[in-house]
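Working notes for the structure below.
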């Protein structure tokens, strides 16, 4: 564990008990931004997307209040409610499911997002009186060439991202939030991830994805506060309809199944040409070390970094400087009918505006990126991530606040 | 991590570099017994079952040789082959997939098992000339009442259990073994687990399953060497047809989906009556602390531990003293069509003879155990686990050794 935080520092940093192990790492739940975005990427993920099954605005707000309370508690290593797993009446169901009883916070963060369907459902209905506050950028993502989306892995009215260094802690958090939501929301899809594929802090070493390559070398880092203001956080003037989203962000997920058996049959040379980096060091094919800038002119007419190499196709130089904060995880979900492993990358990215920060990059990737021959995207979703929660507030309160309701 | 081993000790103990973290924990691959059985249960699991797709005995033996070599290397933190991820010709596919390049052994163990189909396939054919060496106890498990088995999650000709404290290490091991087997075997099913549910060493604290209860309190422990000889390891005289299995064991898997939404609606009192232990401490309802012996007479006509409580139904006192070494893991595999989490316990147990050590216990559990109302078993398999590998041998060599071939 390279990146234990210190007491009282910024949101991206956590606290831990000096005499304990990494399990005691705790991140504050309240702050200007939600935790789990610039927080140094934890090792494990449990992500869930919900359909809202009620038409009652009051029920939806009540759920957000209960979720806020439970998330604030669980991120500090506590049970989901004060009565918890053992403190209530023995004649009633326990208020917490109990599987994390002896476990510490383990760096748990819980991050909430709102999908387009919260503002206007598939039939166009404005169930919760929120339609005129729908951010202009919060629309279902366009079709990208090659996408083979499964409806049961795509979309959602609400989402929760739970990240922790102990998977049982992340699963416990999602399970108890799902339970709290029963009758108001239903799970649409969920995804576990076991190996982070990106670094969100310069204090972390770069992990590898299931193609065997270092991933996230050029990722937006928590320490780049000016770049984060420019590329990550929604500004106060960004969208007059959605002033409530200032200090928030947009969350994109893409479930990228990897055709790993085919990938594994490519030569090392071809793999490196496809990615644009050396497999061992992570250095760009234009030379240098892992963190050396890419030189797309190196090699001249036969560029050292091919024009269809992944790192070139998605590079900010070709997208008006667009950068995103990636926070993806590897997954293996059993096996396929063909006797292969059902494995891949659950891509997560946070951007200030998906229309400039994500969609053009994804379009270029879908059309021109040599790597996409080895990837099948079968899930996809976009959520608006409200800003952090102030004391006494519930998550997303500025969207619902009666004082400035429509 | 409570249980780091010391240099040069027994198979159950590992070695690690004192100056490094827990990642450097290494267990020897060779020994009297395979590692991964009495080894202190690691935190993560990737289990895979294969169908053998060849009829060639030579190809099967060649695969076992390659698997042995790769497993011996990977458990010591090395690439799957000497050329590995980066050392071969760049014009050839890398021999290792590379996603574990900077990762250490992380306590990895790799354990191989042979299913009934290796000796006689579904059509009764003796594909590999092994039928007269089939252990009498190695037959497909009988139907247990309530079982709802899915063929795609059940059975298999071969299995590999990979356990490690880093899931990417376990996944890398299985992926590379699957890759080595291409053309000879095909994946039938695979299962990832994220939280061990049993302690196999007295040095480990008892973890919790997704019912929120401590699990594995009464498990057979590595330190009980006499009990292991009696209940775990196949003896030289156990089965005249299967002398090759002496020093081995039998591995039972049961994929137990938990109906957690229904379970979560039961009162704390009812949950404890169903399990027979206090949810918080793990103490038996007959009193005492977690490790206090169960007293089934406490309470007289209204027994403190109900007659249908899980701990009573499976207790050795009611099964001629039968004990097993359990090594299960929690799992969450996405969500169901009903908007619930697809969660449960991937039960793994090792026994000397499933006919006495497992089947009667499972029959009692299926019929009488109150807990089974909250469990749906949809996968099941039995494998014979050959003894440990000596230097220069391949795994299972005594079964195939030309000197005493049929």
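Taken together, the values in this text are just the output of simple stated rules run on the coordinates, not laboratory data. Everything quoted here is computed from the prediction, not taken from an experiment. A quick note on method: Cβ atoms are made from the backbone with ideal geometry, for glycine too, and the neighbour counts reach across all protein chains shown.
Where does helix A:359-368 land angle-wise versus the long Cα axis of chain A, in degrees 0 to 90, nearest 10? Around 40 degrees separate the two axes. Both numbers refer to the Cα atoms of segment B:251-376; Rg and Dmax are 15.3, 45 Å. Every helix of 4 or more DSSP H residues in chain A counts as -39500 (n - 2.57), and over all residues that averages to -5000 deg cm²/dmol at 222 nm. You can think of it this way: the chain between residue B:355 and residue B:182 has 58.9 nm of extra reach, that is 0.36 nm per residue less the Cα-Cα gap. Model label points for residue A:131 and residue B:376, set 7 angstrom from Cα along the Cα-to-Cβ axis, are 3.9 nm apart.
Taking only the Cα atoms of segment B:150-201, the radius of gyration and Dmax are 12.6, 39 Å.
With a 10 Å cut-off around each Cβ of B:63-73, the average count of Cβ atoms from other chains is 0.
The alpha carbons of segment B:23-388 occupy a box of 73, 45, 43 Å along the principal axes, longest dimension given first.
With neighbour counts taken as other beta-carbon atoms within 10 Å, the residues A:255, A:26, B:265 rank, fewest first, as B:265, A:26, A:255.
Subtract the Cα-Cα distance of residue B:298 and residue B:262 from 0.36 nm times their separation in residues, and report this length gain in nm to one decimal.
Result: 10.0 nm gained on full extension.
Short-range pairs are left out: with C-alpha atoms under 8 Å and at least six residues apart, the relative contact order of chain B is 23 percent.
What share of Cα pairs, in percent, lie more than 38 angstrom apart in the protein assembly as shown? Result: 41 percent of Cα pairs exceed 38 Å. When the Cα atoms of segment B:323-366 are aligned to their principal axes, the ranges along those axes come out at 40, 20, 10 Å in descending order.
Take the Cβ atoms of residue A:337 and residue A:281, set R0 to 25 Å, and the FRET efficiency comes out at 0.10.
Normalising the Debye intensity of segment A:225-279 to I(0), with uniform scatterers on Cα atoms only, and taking log10 at q = 0.15 Å⁻¹ returns -0.66. One quarter of the surface of the convex hull around the alpha-carbon atoms of segment A:28-124 equals 8.2 nm², the direction-averaged projected area. A label point on residue B:297, set 7 Å along the Cα-to-Cβ line, lies at 9.2 nm from each of its counterparts in the other copies, closest listed first. Please compute, over every Cα-Cα pair in segment A:81-218, the percentage with a separation greater than 20 angstrom. When every Cα pair of segment A:81-218 is considered, 64 percent fall beyond 20 Å. Sorted from closest to farthest, the other copies place their residue A:205 label points 2.8 nm away, with each point set 7 Å from Cα along Cα→Cβ. Arranged from fewest to most other beta-carbon atoms within 10 Å of their beta carbon, B:128, A:400 become A:400, B:128. A label point on residue B:390, set 7 Å along the Cα-to-Cβ line, lies at 7.6 nm from each of its counterparts in the other copies, closest listed first. The relative contact order of segment A:271-365 comes to 20 percent, based on Cα pairs under 8 Å that sit 6 or more residues apart. For chain A, the longest principal axis of the alpha carbon atoms and the long axis of helix A:167-180 meet at an angle near 50°.
In whole Å, what is the distance between the alpha-carbon centres of segment B:321-336 and segment B:364-390? Computed from Cα coordinates, the inter-centre distance equals 8 Å. Taking all Cα pairs closer than 8 Å and separated by 6 or more residues, the relative contact order of segment B:212-256 comes to 24 percent.
Mind checking the angle between helix A:57-74 and chain A's longest principal axis? C-alpha axes, 0 to 90 degrees, to the nearest 10. Tilt of helix A:57-74: around 70 degrees. Ranked from largest, the principal axis spans of the Cα set of segment A:313-406 equal 55, 37, 23 Å. Once the Cβ-Cβ distance of residue A:55 and residue B:270 is raised to the sixth power relative to R0 = 51 Å, the FRET efficiency obtained is 0.90. If one computes the Cα centroid of segment A:88-114 and of segment B:157-203, what distance in Å separates the two points? Result: 29 Å between the Cα centres. Taking only the alpha carbons of segment A:78-138, we obtain Rg and Dmax values of 18.7, 49 Å in that order.
For segment B:42-63, the residues whose backbone nitrogen is under 14 Å from a point 7 Å from the Cα of residue B:122, taken along Cα to Cβ, are B:50-53. From least to most packed, judged by other beta carbons within 10 angstrom and beginning with the fewest, A:159, B:163 follow the order A:159, B:163.
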